[in-house]
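Enquirer: Structure below; questions to follow.
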Amino acid sequence: MESQLFVHVSCVAVAVAFLGLVHVSVSVPFIMLHGISAQCSNARDANFTHLLTNLSGSPGFCLEIGNGVGDSWLMPLTRQAEIACEKVKQMKELSQGYNIVARSQ
């Protein structure tokens, strides 16, 4: 009887130790940067962001820079990057990390 109890306790201890080694999956949010001649309100880009959210289980945000279409062509890329960085810094949802998805840039 004592040996059965020892085996049971040992199995439980091994199981608990094993579970302690398993990494807990945490959903990391993402931002989506649209391509040239596009904007977040465009159905294609909005649907793409929603599709990625549904497939990944992670919250996704399309990040609009300027007016979208015009600025995607005319605004210098370094300025677009500065604006994107400022917007990311202001989003509390991204404070613990995020992924970037860029479309055609």
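The values are calculated or read from the model by the stated rules, or taken from the named source; none is laboratory data. Since we're looking at a predicted model, the values are computed, not measured. Here the Cβ positions follow ideal geometry from the backbone for every residue, glycine too, while neighbour counts run over all protein chains shown. Only protein heavy atoms, including side chains, enter the accessible area calculation; ligands, DNA and RNA are left aside. Shrake-Rupley method; radii C 1.70, N 1.55, O 1.52, S 1.80 Å.
Enquirer: At 0.36 nm per residue, minus the direct Cα-Cα distance, what do Ala46 and Ser95 gain on full extension? Give it in nm, one decimal, please. Before the final figure, lay out the partial values.
Expert: Details: separation 49, 0.36 × 49 = 17.64 nm, distance 2.27 nm.
Roughly 15.4 nm would be gained on extension.
Enquirer: Give me, ordered by chain and number, the residues 5 or more places off Phe30 or on other chains with an amide H under 5 Å from its own placed amide H.
Expert: Gly60, Phe61, Asn99
Enquirer: Which value, in Å to one decimal place, does the Kirkwood hydrodynamic radius take for the range 26-102 when every pair of different Cα atoms is included?
Expert: Values: mean 1/r = 0.0784 Å⁻¹.
Final number for the Kirkwood radius of the range 26-102 is 12.8 Å.
Enquirer: Determine the per residue accessible area of the range 28-105 with all protein chains present and a 1.4 angstrom probe, expressed in square angstrom.
Expert: Values: 4890 Å² over 78 residues.
Counting only protein heavy atoms, the per-residue value for the range 28-105 is 63 Å².
Enquirer: What FRET efficiency comes out for Arg103 versus Ser27 if R0 is 22 angstrom and r is the Cβ-Cβ distance? Round to the nearest 0.05. Could you put the intermediate results ahead of the total?
Expert: Working: r = 21 Å, r/R0 = 0.95.
Efficiency, from the Cβ-Cβ distance: 0.55.
Enquirer: Also: Taking amide H positions as placed in the peptide plane 1.01 Å from N, state which residues far from Gly35 in sequence (5 or more) or on other chains have amide H under 5 Å from it.
Expert: Arg103
Enquirer: Sequence gap at least 6, Cα distance under 8 Å: using those rules, report the relative contact order of the range 26-102 to the nearest whole percent.
Expert: On the way: 98 pairs, mean separation 34.7, N = 77.
Rounded, it is 45 percent for the range 26-102.
Enquirer: Here's something else I'd like to know. How much accessible surface does Phe61 have with a 1.4 Å probe, in Å² rounded to 10?
Expert: 60
Enquirer: To continue, here is another question. Rounded to the nearest 0.05, what FRET efficiency do Thr78 and Ser56 give with R0 = 35 Å and r taken as the Cβ-Cβ distance? Could you check? Please report the intermediate quantities before stating the final value.
Expert: On the way: r = 29 Å, r/R0 = 0.84.
Here the calculated transfer efficiency is 0.75.
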